């Protein structure tokens, strides 16, 4: 799957690493509602082009997952500013 890396010269590998790091940083630096959303831009950093096969949980299970994602943030970043805005796509 990653055979292309073996064919890259040093300069190309460095550029690839920078491109991937920029994509990871964009995700890492997201905030508010962007933390819990579909991220095709991040997946597009991979060289293989596949159509994502996404299974969406039913609403109650989805919402419980969102709550379980949000709860540990109280402990992990207790002083985080509150992003008190409605989701706006």
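For this structure, a couple of remarks:
- Contact map, the stretch 5-26: first residue farther than 15 Å from residue 45 by Cα, second residue assigned to a helix (DSSP H, G or I), Cβ cut-off under 8 Å, separation 6 or more or different chains; pairs are 8/16.
- All conditions but one from (1) within 14 Å of the chain's Cα centre (by Cα); (2) over 25 Å from residue 88 (Cβ atoms) apply to residue 48; the one that does not is (1).
- The stretch 42-58 residues that are closer than 23 Å to residue 20 by Cα, paired with ones that are modelled with pLDDT of 90 or more (beta carbon under 6 Å, 6 or more apart): 42/23; 45/20; 45/23; 47/4
- Of all residues in the stretch 16-40, those being more than 30 Å from residue 65 (Cβ to Cβ) and surrounded by 12 or more Cβ atoms within 10 Å (Cβ to Cβ) number 1.
- Residue in the stretch 41-54 that is exposed (fewer than 11 other Cβ atoms within 10 Å of the Cβ) and more than 24 Å from residue 1 (Cβ to Cβ) present: no
The values are calculated or read from the model by the stated rules, or taken from the named source; none is laboratory data. As the structure is a computational prediction, the values presented were derived from the model and not from experiment. Reconstructed Cβ throughout: ideal geometry from the backbone, glycine too, with neighbour counts over all protein chains shown.
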